[in-house]
Amino acid sequence: MTNSLDGLMPFFAMDILKRAKALEAQGRTVCHLEVGEPGAPPAARVLEAVARALPEPQGYTNAKGLNALREGLEGYYERQHGVQIDPELIVATMGSSAGFILAFHTAFQTGARIAITRPGYPAYVNTLLGLGYGVAEIPVSAGNGWRLTGAEIATAHARQPFDGLLFASPANPTGASVSREQLADIVATCARLGVTLISDEIYHGLDYAGPSVSALELTRDAIIINSFSKYFSMTGWRLGWAIIPPDLMRAVECLQQNLFLSAPALSQIAAVAAFDCEDELQANIAAYARNREILLEGLPKAGFTKFAPADGAFYLYADVRE
Ligand SMILES: Cc1ncc(COP(=O)(O)O)c(C=O)c1O
């Protein structure tokens, strides 16, 4: 018997992480370059909030997430992006990874085609194919700083139409960020073609070329996916969030209730405190920026000359073929 997951690809970064951790368990020292994890720990107040909450029984939360968390996010969007969002349109997810599942299943019919960039985050294609969706890969190039354009979306769509676009800026693995004008071009192109935009904003805050623009600043039709993993240094806490257009929200809520019940309660309590830690978070960014400078200066000296300077995130995508 075959089933639909027969062709499911591993996420190789996680396979390599497993091997690296096994080596560490044997006492070996490993320099981890496999998965995108922040070098910094979570902020002190986050840890204190968890220590305070630990003795209390922690049950399921509201399926959408704690009110305090969603109101914290409401304030965060007002400060960071100058936009008002209704906390009722926010759902706390088990990392952004679970947010994708909610988004795909509510925005698209099974078998729909979703466009992604190539190169891009490898789990996108594996997840989409594994869940029964089709994938359209839109190549982005070094010549254009690995940035996706509206024209490239339109060309790919004319070749073979797709229903959705899953797009990250800053991007994994290239570190490429689009400007407000470039994002507006992407948003307008999606609207013109009737393509649902899923904006993966997980690397927002890790910006070296000016603050990232949220798709929410330009449209209320996009699904916004984000996470406490990267900017807030909370990968293992498995907590993210999604901001959902009103017409999809009830379906997202029902799916969350049935698939996940709620995101982890302790992580949600911790995350409420994370909005109050701007100084520590900015110090982390300054350290990443210094690391980036070291690479930009050192890589050419080491013979690696072909790379984009990484506008955001903590990746540097260098051509090593020579
Ligand atoms: C572009 C992108 N999206 C989503 C994720 C998933 O992150 P999480 O599930 O920890 O929020 C990652 C992880 O590296 C990523 O690089």
Quiz prompt | Identity of the residue in segment 242-264, assigned to a loop (DSSP other than H, G, I, E, B) and small (Gly, Ala, Ser), that ends up nearest to the ligand (Cβ to nearest atom) | solution = Ala263
Practice problem: Determine the pairs where a residue that is over 23 Å from Met14 (Cα atoms) and modelled with pLDDT under 95, located within segment 99-127, has a partner that is of a type in the set (Phe, Trp, Tyr) and more than 12 Å from the ligand (Cβ to nearest atom) with Cβ atoms under 8 Å apart, the partner being 6 or more residues away or on another chain. | Solution: Thr110/Tyr133; Gly111/Tyr133
Practice problem: Scan segment 198-241 residue by residue and report those that are in contact with a Phe, Trp or Tyr (Cβ under 9 Å, 6 or more places away or on another chain), outside any loop (DSSP other than H, G, I, E, B) and within 15 Å of the ligand (Cβ to nearest atom). | Solution: Ile198, Ser199, Asp200, Ala215, Ile224, Ile225, Asn226, Ser227, Thr235, Trp237, Gly240, Trp241
Quiz item: Looking at (1) closer than 19 Å to Ile202 by Cα; (2) in contact with a Gly (Cβ under 8 Å, 6 or more places away or on another chain); (3) buried (at least 18 other Cβ atoms within 10 Å of the Cβ), which is the only condition Gly72 fails?
Solution: (2)
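Condition check ((1) farther than 15 Å from Thr196 by Cβ; (2) away from the ligand (no atom under 14 Å from the Cβ); (3) surrounded by 21 or more Cβ atoms within 10 Å (Cβ to Cβ)) across all residues:
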{"residue": "Val91", "(1), (2), (3)": "yes, no, yes"}
{"residue": "Ser97", "(1), (2), (3)": "yes, no, no"}
{"residue": "Gln109", "(1), (2), (3)": "no, yes, no"}
{"residue": "Gly134", "(1), (2), (3)": "no, yes, no"}
{"residue": "Gly143", "(1), (2), (3)": "yes, yes, no"}
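Taking the condition of being of a type in the set (Ser, Thr, Tyr) and surrounded by fewer than 24 Cβ atoms within 10 Å (Cβ to Cβ), how many residues in segment 145-188 meet it?
The number of residues fulfilling the criteria is 3.
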Exercise. Test Ala222 against the criterion of being under 13 Å from Gly65 (Cα atoms) and modelled with pLDDT of 95 or more, and give yes or no.
Key: no
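I'm checking my understanding of the structure. Among residues of segment 159-176 that are within 16 Å of the chain's Cα centre (by Cα) and part of a strand (DSSP E or B), which one is farthest from the ligand (Cβ to nearest atom)? Before you say what the answer is, go through the steps one by one.
Initially, segment 159-176 is screened for residues within 16 Å of the chain's Cα centre (by Cα), giving 165-176.
Of the ones still in play, those that are also part of a strand (DSSP E or B) are 165-168.
Working: Leu165: 14, Leu166: 9, Phe167: 10, Ala168: 4 Å.
Selected residue: Leu165.
Among the residues of segment 250-268, is there at least one that is more than 30 Å from Phe108 (Cα to Cα), modelled with pLDDT of 95 or more and surrounded by fewer than 19 Cβ atoms within 10 Å (Cβ to Cβ)?
Initially, segment 250-268 is screened for residues more than 30 Å from Phe108 (Cα to Cα), giving 266.
Right, trim to modelled with pLDDT of 95 or more and you get 266.
Narrowing further to those that are surrounded by fewer than 19 Cβ atoms within 10 Å (Cβ to Cβ): 266.
Looking for residues that are more than 30 Å from Phe108 (Cα to Cα), modelled with pLDDT of 95 or more and surrounded by fewer than 19 Cβ atoms within 10 Å (Cβ to Cβ), one finds at least one in segment 250-268, hence yes.
Looking at segment 79-88, can you tell me whether even one residue there is within 14 Å of the ligand (Cβ to nearest atom) and closer than 25 Å to Ala251 by Cβ?
Looking only at segment 79-88, we keep the residues that are within 14 Å of the ligand (Cβ to nearest atom), and these are none.
Taking every residue of segment 79-88 in turn, none turns out to be within 14 Å of the ligand (Cβ to nearest atom) and closer than 25 Å to Ala251 by Cβ.
The values are calculated or read from the model by the stated rules, or taken from the named source; none is laboratory data. In this text, all values refer to a predicted model and were calculated from it rather than measured experimentally. Counting neighbours? That spans all protein chains shown, and the Cβs are built from the backbone with ideal geometry, glycine included.
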